[in-house]
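Below: one structure, written as C-alpha cells.
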Amino acid sequence: MTHRVRSHLTERDVDVLVQTAELSLDSVTKTQPHPNAGCILTDTQGSIVGQGSLWAQGAEAPEVIAVKQAQGAAAGGTAYLNLEAGDCHGDTAAIQALIHSGVKRCVVGMLHPLEHSRGKAVDALLSAG
C-alpha cells in the first residue's frame, strides 16, 4: 500500500470527523452486514456543503450522496469520512464521486476494516491527487 497516514489534524478536523461519526450512527441496525459510514464535505472556507450516510445495505454510498448535495461546492475543500470508502463487488462509485468532486484533501477516521478493501480508497484518492 502506498497510502500515508498523517497525524497532524487541526481541531476543526477532529470536530468535523466527530460529526461524521455521529452522522454515520443515523443508520444503526439498518446497514448490516456493512459498517456504519458517513461523509461530510466542506468547501475551501471549511463550511459544510454536503453530507451523507449509509442508510441501508445496497443503498447509495454516503460519499455519492454528499457529492450530489454539494453540487460542486466541495471543489478545493475537504472530505471527511469516519470510515475509508469500501465499495462492494468492484463498484467504485464512492471513490469516483470523491475524485470528481474536486476535493483536495481527505480526512479518514479509520481504514476499512476488511483486508481486501483496506487502503484501496486512500491509494486511489492519493493517485488522483
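The values are calculated or read from the model by the stated rules, or taken from the named source; none is laboratory data. No experiment lies behind these values; they were computed from the predicted model shown. No Cβ is skipped: glycine too gets one built from the backbone with ideal geometry, and neighbour counts run over all protein chains shown. Just the protein is used for accessible areas: all its heavy atoms, side chains included, with ligands, DNA and RNA removed. Shrake-Rupley method; radii C 1.70, N 1.55, O 1.52, S 1.80 Å.
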TODO: Restricting things to alpha carbons, tell me how big region 75-123 is in terms of Rg and Dmax, in Å.
DONE: 10.5, 30
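What's the FRET efficiency of GLU115 with GLN19 using the Cβ-Cβ distance as r and R₀ = 30 Å, to the nearest 0.05?
Values: r = 28 Å, r/R0 = 0.94.
Plugging the Cβ-Cβ distance into 1/(1 + (r/R0)^6) gives 0.60.
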Task: Dipole of the chain, positive end: most advanced residue of HIS8, SER24, ILE65 [Cβ charges, Cα centre] - done: HIS8
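What does the accessible area per residue of the chain come to in Å², with a 1.4 Å probe and no ligands, DNA or RNA counted? Don't skip to the end; give the middle numbers.
Numbers: 7090 Å² over 129 residues.
It amounts to 55 Å² per residue over the chain.
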Open item on the list: Cα atoms only: what Rg and Dmax, in Å, come out for the chain?
Closed with: 13.2, 36
Open item on the list: Let's see if you can work this out: charge +1 on each Lys and Arg Cβ, -1 on each Asp and Glu Cβ, no other charges. What is the dipole magnitude of the chain about its Cα centre, in debye to the nearest 20?
Closed with: 240
- [ ] Work through the residues other than ILE40 whose Cβ is under 12 Å from its Cβ and net out their charges, Lys, Arg +1 and Asp, Glu -1.
- [x] -4
